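Step one of this worksheet: look at the structure below.
Rule-based calculations on the coordinates, nothing more; no lab input. All values reported here derive from a predicted model rather than from experimental measurement. No Cβ is skipped: glycine too gets one built from the backbone with ideal geometry, and neighbour counts run over all protein chains shown.
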Amino acid sequence: MNEFLTALSEYTFLQSALVAALLASIGCGIAGSYVVVKRITFIAGGIAHSVLGGMGAALYYGVDPLGGALFAAILAALLIGWIRLQWNTQEDTLIGALWAVGMAIGILFISKTPGYQTDLMSFLFGNILLVSEKSLWFMGGLDALLLLAVVAYHRQFLAVSFDEEYARLRGVPVTFFYLLLLVLVAVTVVLLIQVVGLILVLALLTLPAAIAEHYVHSLGRMMLLATGVGAILSTTGVALSYSPDLPPGPTIILLAGAAYLLSAVTARALIKRKREKAQSSSEAP
Amino acid sequence: MTQIAPPISLEALSFAYSELPVLEAIDLEVHNGEFLGIVGPNAGGKSTLLKLIMGMLQPQQGTIRLFGAPPHKTRNRIGYVPQYPSFSRDFPITVEQLVLLGRLGCRGNSSWLTSLLPGRYQMADYHAAQQALQEVEAEPLAQRQISSLSGGQLQRVLLARALAGEPELLILDEPTANIDQRLEGEIFELLRELNQRLTILVVSHDIAFISSYVTRVACVNRTLVCHHTDAIDGSLIQDLYGEQVRMVAHHH
């Protein structure tokens, strides 16, 4: 750990990596909480994986891959949202198809792009140590967008994630806000791709929020706590991976998985103790 | 003074799920201040009728007017209590937040523009939510997590959500199906009080029980027939359900 701290003061790439981790955790706190409470992990997975299509195309045509990723993510989000609203019954089949088709398109583009193929690995598994200053600004901009949308429309997003039928009855444009919510998820996916790559995105998107859900009982608090948990997990992951020279993305994900498991066991024990306490106090005269 | 449009007015309404006719030629006018019970056998079309009235389904034939306008324009004047909550019980939300969601769409008319208003709840919203919780005697539950509520408590909270929107018409779908009989009486006593200022429409399978509370009963079994409560007796119930039904007579 000490080795990491001295390196951190020397190398700007490590400092950038930590800033990127913190910026990403804001996204995973906000959008991740919606994904967890609305149980749309599969939809988020579909969006994340079909992003490769956009990144591959951007690479082939020589445009910034992050821009391509953002475009593809938003397109995938709208397409998947539309599928869910129109063909509710075949939702999972269609999303699964889109998931694979997006990736196939991406791989074809990348294979036809001249030059090194190393980019593919960093798309799939992320490389937080190579985040440029420009990318940091891009990530900051996406965070600002997310925060703005949630501050403005937290009531409508809560209504749509909690009870669509009642929201519709109250005149909330459910379709609009559902699609907007998926676009926020898409934006977050692009944020997280920098850190862990698009294969591992799903874990970082859902695990911090799922951990937070064990301890708090409102969506707002869940977002705050999930952001904190995400920040701790991703910075610790970067630090732990430094000395043994491990890839940071998978290290962060393993850490998140372990933390979730630990938290689930602890939360269950806490509930059990609480129940026993309540029982013994009600039995006492 | 112009005549005020009735809360609900249905004319020659028919509805079918693909080929299967569910409702045929329904005529119904619900007057201001009425307490209407809707009864009928399972799968007789009661829930479908409610969905049509609230604009969640479109009829193949006939017209629906809610306060004199198409349902989607005026449905924010309804307070609705569903039979099965369409949300998951372990959602991280407190009772107060749930009731506040009933305040959405209260500002002005329900146009697209007002539904896109950003921002947070106003003092008036918190006040209305608190008052609604008081009215159903669930105020001490305000900060509780919904997963910790009993069936009867949840039912009261859902009623509070409906009341928070300051409705003129209250629609309840089997409000007492999931709670015990003592609570059933309490809920209906509460509805009787609310009926002094609201029009109420309640769906129930228990015709004998509700006929002591409602002013008129509509029997739905693909078609709709209305009866005043005094006219309900064994032969009517037998006609409706198609078999001998044990009925407890109640004279008041």
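Observations
- At most 16 other Cβ within 10 Å, DSSP loop - chymotrypsin sites (Phe, Trp or Tyr not before Pro), region A:61-129: A:61, A:87, A:116
- Taking other C-beta atoms within 10 Å as the exposure proxy, B:228, A:49 rank B:228, A:49 from fewest upward.
- At least 15 Å along the helix axis (C-alpha) and Kyte average at least 0.5, DSSP helices within chain A: A:12-37, A:41-60, A:65-86, A:91-112, A:133-162, A:174-213, A:219-242
- Distance histogram for chain B (every C-alpha pair counted, 5 angstrom bins, percent rounded to whole numbers): 1, 6, 13, 16, 18, 17, 14, 9, 5, 1, 0, 0
- Whole-Å semi-axes of the ellipsoid equivalent to chain A (Cα gyration tensor, √5λ, descending): 32, 27, 16
- A simple count of charges around residue B:205, restricted to other residues whose Cβ falls under 10 Å of its Cβ and scoring Lys, Arg +1 and Asp, Glu -1, yields -1.
- Think of region B:8-241 as having a plus end and a minus end, set by charges on the Cβ of Lys, Arg, Asp and Glu; of B:44, B:116, B:218, B:116 sits farthest toward the positive end of this dipole.
- Note on the protein assembly as shown: Rg/Rh from C-alpha atoms, Kirkwood Rh, equals 1.06.
- Using a Förster distance of 22 Å, the FRET efficiency for residue B:225-residue B:178 (Cβ separation, nearest 0.05): 0.20
- By DSSP, the beta bridges lying fully in the protein assembly as shown are antiparallel in about 55 percent of cases.
- Average beta-carbon neighbours from other chains, 10 Å sphere, peptide B:94-106: 4
- Helix-only mean residue ellipticity at 222 nm for chain B, each DSSP H run of n ≥ 4 adding -39500 (n - 2.57), per residue, nearest 500: -8500 deg cm²/dmol
- Here B:31, A:217 are placed in order of increasing Cβ neighbour count within 10 Å, fewest first, which gives B:31, A:217.
- Going from the fewest other Cβ atoms within 10 Å to the most, the residues A:193, A:47 appear in the order A:193, A:47.
- For the segment B:83-89, counting C-beta atoms of other chains within 10 Å of every residue's C-beta and taking the mean gives 3.
- Pairs from A:38/A:272; A:274/B:46; A:112/A:134; A:38/B:46 whose Cα-Cα separation, in the structure shown, is over 32 Å: A:274/B:46
- Other protein chain Cβ atoms within 10 Å, averaged over every residue that makes up A:153-162: 5
- Counting charges near residue A:178 (Lys, Arg +1; Asp, Glu -1) among other residues having Cβ under 15 Å from its Cβ returns a value of +2.
- 20 Å cut-off, amide nitrogen to a point 7 angstrom out along residue B:190 Cα→Cβ, residues in region B:120-147: B:126-147
- MRE, 222 nm, helices only [DSSP H, n ≥ 4, -39500 (n - 2.57), over chain A, to nearest 500]: -30000 deg cm²/dmol
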